[in-house]
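Worksheet for the structure shown next.
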Amino acid sequence: MQPEKNIFLIGFMGAGKSTVARYLHRHYGMEWLEMDKEIEKREGMPISEIFRLKGEPYFRERETELLLSLVGRKNMVVSCGGGVPLRHQNVEAMKKSGVVVFLTARPETILERVKDNHDRPLLEGHKDVEYISQLLEQRREKYEAAADVLTATDGRDTEEIGNEVYTFLGK
Ligand code: S3P
């Protein structure tokens, strides 16, 4: 039976949202939406260029627009951009149509996962534990308030996390 609800994966950059979403898609046949990829497709340019040419507020508007367009959909796993839970309107939209799962990771784990990637404008020039910890602490309250459920990803494999997250659909 296909789930009626959606799963929204939230968390900091490098928390493993895309990896877990891909697993839920492949293993449980959920429809997979990668918010960053969808916005890149719609805008015809990479996230870094959207930030550079149009600015962060423009990008944040596109995120909200995309989330609102998902209301009414079912059986989706949505890998949210790391900034999505910072807006109340986004949180309301997610809660209306699914379970919000906060994937956590320690700053050291995050750094390890993001250090060779250059697609995240907010981390360029700041690839260090101090900066990541600071931004994470600034956001933690919002992430926790948005989440229905939370799971730690440090040192765990995708299969274990993905299977656990799938059980959250029953919540
Ligand atoms: C951002 C996270 C990124 C992307 C953009 C901003 C953020 O997504 O949306 O670079 O504010 O945390 P990922 O969390 O998928 O890396």
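The values are calculated or read from the model by the stated rules, or taken from the named source; none is laboratory data. Keep in mind it's a predicted model, so treat the numbers as computed, not measured. Methodologically, a virtual Cβ is constructed for each residue, glycine included, from the backbone with ideal geometry; neighbour enumeration extends over all protein chains shown. We work out accessible area using only protein heavy atoms, side chains counted, and drop any ligands, DNA or RNA first. Shrake-Rupley method; radii C 1.70, N 1.55, O 1.52, S 1.80 Å.
A compact table of results
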{"quantity": "Pairs with Cβ under 9 Å, 6+ apart, first in region 110-126 and open to solvent by 70 Å² or more (accessible area, probe 1.4 Å), second of a type in the set (Asp, Glu)", "calculated": "118/124; 119/36"}
{"quantity": "Residue within region 130-140 that is at pLDDT 95 or above, under 15 Å from residue 17 (Cα atoms) and under 16 Å from the mean Cα position of the chain (by Cα) present", "calculated": "no"}
{"quantity": "Count - residues of region 28-49 that are open to solvent by 70 Å² or more (accessible area, probe 1.4 Å) and within 12 Å of the ligand (Cβ to nearest atom)", "calculated": "1"}
{"quantity": "Residue that is more than 13 Å from the ligand (Cβ to nearest atom) and under 29 Å from residue 157 (Cβ atoms), where the choices are 88, 25", "calculated": "25"}
{"quantity": "Residue, nearest to the chain's Cα centre (by Cα), within region 141-171, restricted to residues that are of a type in the set (S, T, N, Q) and closer than 20 Å to residue 76 by Cα", "calculated": "151"}
{"quantity": "Yes/no for residue 136 being touching a Phe, Trp or Tyr at 6+ places or on another chain (Cβ under 9 Å), farther than 23 Å from residue 7 by Cα and surrounded by 14 or more Cβ atoms within 10 Å (Cβ to Cβ)", "calculated": "no"}
{"quantity": "Contacts under 6 angstrom Cβ, first residue in region 73-98 being touching a residue at least 60 places away in the same chain (Cβ under 8 Å) and more than 13 Å from residue 147 (Cβ to Cβ), partner outside any strand (DSSP E or B) and within 16 Å of the ligand (Cβ to nearest atom), 6 or more apart", "calculated": "77/21; 77/24; 79/17; 79/18; 79/21; 82/12; 82/13"}
{"quantity": "Residue among 52, 62 that alone is within 12 Å of the ligand (Cβ to nearest atom), open to solvent by 80 Å² or more (accessible area, probe 1.4 Å) and on the phi < 0 side of the Ramachandran plot", "calculated": "52"}
